[in-house]
Amino acid sequence: MKKNKIIIFDTTLRDGEQSAGASMSIEDKVEIATKLNEMKVDIIEAGFPFASKGDFQAVKKVSEISNHSIICGLARAQDKDIDTAGEALAQAERKRIHTFISTSDLHMKYKLRMSKKEVLESIKKSIARASKYTSDIEWSPEDASRTNLDFLYKSIEVAISSGATTINIPDTVGYAIPKEFASLIKKIKNNVSNIDKAVISVHCHNDLGLAVSNSLSAIIEGARQVECTVNGIGERAGNAALEEIVMCLKTRADKLPFYTDINTKKITVISHLVSTITGFPVQPNKAIVGKNAFAHESGIHQDGMLKNANTYEIITPESIGLSSSELVLGKHSGRHAFKVKLNELGYDFDERNINKLFKQFKNLADKKKQVFEEDLYAMVESEKNFQKKMPINLIDLSLKCGQGKNAEAKLKLEIFGEKKLINEVGNGPIDAIFNALKALIPNKANLIIYQVNAITKGTDAQAEVNVRLEEKSISVQGQGSDIDTMVASAKAYINAMNKLILKRKRANDSKSVFQTSNEKLNKHVI
Ligand code: KIV
Ligand code: ZN
């Protein structure tokens, strides 16, 4: 491997899916993995195969499609986890097993209830087990940044002498600060006798907003793999954002003389895809992929931009796959222009689907004078969602409402293949729609978030609605878009309900899986 190449290890499908409210079906994971593979991510952590049947299937399916990326499965330090990961990865052209165990005093005492000696023994055993399936083994000391240094050195040494080829240093709780984390990497390099036999990786969480800074500081001190997620999604405050790491290395190569193999032009498409699949909107001021990342509001800035874009732009929109022209298509645009635009946005549909989408585009262009790129993304993603044949689908919605009277919603749905019709009233149109949906799909979920955003400017803009539902310990995020805000609201609620059904099933699957495994190590559930 070249000295200055930074290996990009994407964990959107594993740590990213651990975000509260995020859930991905097997098909969703395959779709995201296909794009990650196309954008030349080096390693895709496709899931935690032992966690549930769905996770197992997802890792298996992703293993079958990749022709560039190494596919990785996560496993705790126990035989059943590792065997299941090995089995799920069997078809992968290139595979990696990532096994981990906590090494901090806090985690060993309260979570694992294991002594240091037992942990060291477990490291040896787990890596030996993983080497039955592959020679590409990654090992992580969970909570490394809060681990006693001497024990950390010892554990890493044992892991490498047992066969680990990548040592990943996680800042599991996002506690480290850049100088300290950089120094940790330096100390590991200076104190672990066999460290030259492994690649050092880092995995930073964003609890203090430092995940990207910590990762970059670690690179300066010798880390050569970074674990990250698209849009920075992940457990709690998330992980280091892939797009920020990659664009930072590209833009500041003068001070950071490293490179990645990532095709940065695919960043925008994958960011949209992950946002629609998870239902997590991207905050407007998010670095690189936020809606405002290339918007210049003040007159002085706009004037500067017109004279020379370098005045206020350090990255070109084109370099992340955004087109520079804002207005794209209108009512009179033809099928060819439409198809070219979809290709520019990273979509590659067959003729049948192009025809279908073109009809929808014409309908949209009839209602909306100017059709922007964001409109096309929303339209295409919404159609893709519809085609996924989810358990619940919206067929029709009509409403009666006005000032001083109850609103009435008439809804037609297809639920597990059966068509159902209902009329319900409510305090307003949204209340009536949600009451109708609740009556047709009985559930105990509470509505936690209801948020409406205009996708583009103007009063004729499409609405994008995000809802979060919580039922017992399960939370799900749904998204829907439409030119009509009420229809978008119904779509978002239905999208969340479909995810709830998937998550309920997964929770049942994983319960039965975890019941069969070793008592002591079972406490080590991430
Ligand atoms: O944050 C963490 O420690 C993890 C490990 C499994 C690497 O996600
Ligand atoms: Zn993590």
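The values are calculated or read from the model by the stated rules, or taken from the named source; none is laboratory data. Nothing here was measured: the structure is a model prediction, and the numbers come from that model. Cβ: placed from backbone, ideal geometry, glycine included. Neighbour counts: every protein chain shown. In case anyone asks, the SASA skips ligands and DNA or RNA and just uses the protein heavy atoms, side chains included. Shrake-Rupley method; radii C 1.70, N 1.55, O 1.52, S 1.80 Å.
Points to keep in mind about this one:
- Virtual spin-label span in nm between Lys367 and Ile422, 7 Å along Cα→Cβ: 2.4 nm
- 18 Å tail of the calculated P(r), segment 223-365, as % of Cα pairs: 66 percent
- Over all pairs of different C-alpha atoms, segment 1-117 has a mean inverse distance whose reciprocal, the Kirkwood radius, equals 14.9 Å.
- Averaging Cα coordinates gives a centre for segment 259-311 and one for segment 116-170; these two points are 39 Å apart.
- For segment 1-146, the solvent-accessible area works out to 36 Å² per residue, with a probe of 1.4 Å and every protein chain left in place.
- Filtered chymotrypsin sites (Phe, Trp or Tyr not before Pro), segment 385-450: DSSP coil and at most 15 other beta carbons within 10 Å: Phe416
- Taking the three principal axes of the alpha carbon atoms in the chain, the coordinate ranges are 72, 60, 43 Å, sorted in descending order.
- Helix-only mean residue ellipticity at 222 nm for the chain, each DSSP H run of n ≥ 4 adding -39500 (n - 2.57), per residue, nearest 500: -12500 deg cm²/dmol
- The 3J(HN,Hα) values that the Karplus relation (6.51, -1.76, 1.60; θ = phi - 60°) gives for segment 204-212 are, in residue order, 10, 9, 9, 4, 10, x, 10, 4, 6 Hz. Gly and Pro appear as x.
- For segment 77-157, the dipole from Cβ point charges (+1 on Lys and Arg, -1 on Asp and Glu) about the Cα centre works out to 180 debye, to the nearest 20.
- Segment 298-375, relative contact order in percent, only Cα pairs under 8 angstrom and at least six apart counted: 34 percent
- Dipole in debye (nearest 20) - segment 103-195, about Cα centre, beta carbon charges: Lys, Arg +1; Asp, Glu -1: 200 debye
- The alpha carbons of segment 201-276 give a radius of gyration and a Dmax of 12.1, 36 Å, in that order.
- Cross-link partners of Lys457 among lysines, defined as those whose alpha carbon lies under 22 angstrom from its own and excluding same-chain residues fewer than eight positions apart: Lys286, Lys291, Lys331, Lys341, Lys362, Lys367, Lys368, Lys369, Lys491.
- Taking the C-alpha atoms of segment 338-465, convex hull volume expressed per residue in Å³: 144 Å³
- Percent RCO, i.e. relative contact order, over segment 14-138, from Cα pairs under 8 Å lying at least 6 residues apart: 20 percent
- J(HN,Hα) series, segment 268-283, from Karplus relation 6.51 cos²θ - 1.76 cosθ + 1.60, nearest Hz, glycine and proline x: 4, 4, 6, 5, 4, 4, 5, 5, 5, 5, 7, x, 9, x, 8, 4
- Of all aspartates and glutamates in the structure, the ones whose alpha carbon falls short of 13 Å from that of Lys80, not counting any fewer than 8 places away in one chain, are Glu519.
- Under a 5 Å amide H cut-off, with hydrogens placed 1.01 Å from N, Ile448 pairs with Arg468, Leu469, Glu470 among residues at least 5 apart or on other chains.
- Accessible area in square angstrom per residue, segment 325-429, 1.4 angstrom probe: 59 Å²
- What a 1.4 Å probe finds exposed on the chain is 52% carbon and sulfur by accessible area, rounded to a whole percent.
- Across segment 464-469, computed HN-Hα scalar couplings (Karplus, 6.51 cos²θ - 1.76 cosθ + 1.60, θ = phi - 60°) run 10, 10, 10, 10, 10, 10 Hz from first to last residue, x flagging Gly and Pro.
- 19 Å cut-off, amide nitrogen to a point 7 angstrom out along Met305 Cα→Cβ, residues in segment 343-371: 371
- In segment 24-70, inverting the average of 1/r over every pair of distinct C-alpha atoms gives 10.4 Å as the Kirkwood radius.
- Applying D = kT/(6 pi eta Rh) to segment 90-144, where Rh is the Kirkwood radius over alpha-carbon pairs, T corresponds to 25 °C and eta to 0.890 mPa s, the Stokes-Einstein value obtained is 203 µm²/s.
- Under 5 Å from the amide H of Ser102 lie the amide H atoms of Glu142, each residue being 5 or more positions distant or on a separate chain, with H modelled from the backbone and absent for Pro and chain starts.
- The slack in the chain from Glu414 to Glu383, taken as 0.36 nm per residue of separation less the alpha-carbon distance, amounts to 9.5 nm.
- Measuring between alpha carbons in the structure, the pairs from Lys410/Lys444; Lys250/Lys359; Lys125/Lys189 lying more than 32 angstrom apart are Lys250/Lys359.
- Check: the chain dipole with +1 on Lys, Arg Cβ and -1 on Asp, Glu Cβ, in debye: 780 debye
- Positive-end extreme of charge dipole, the chain - chosen from Val425, Val487, Ile219 (charges on Cβ): Val425
- Relative contact order of segment 135-203: 42 percent, from C-alpha pairs under 8 Å at least 6 residues apart in sequence.
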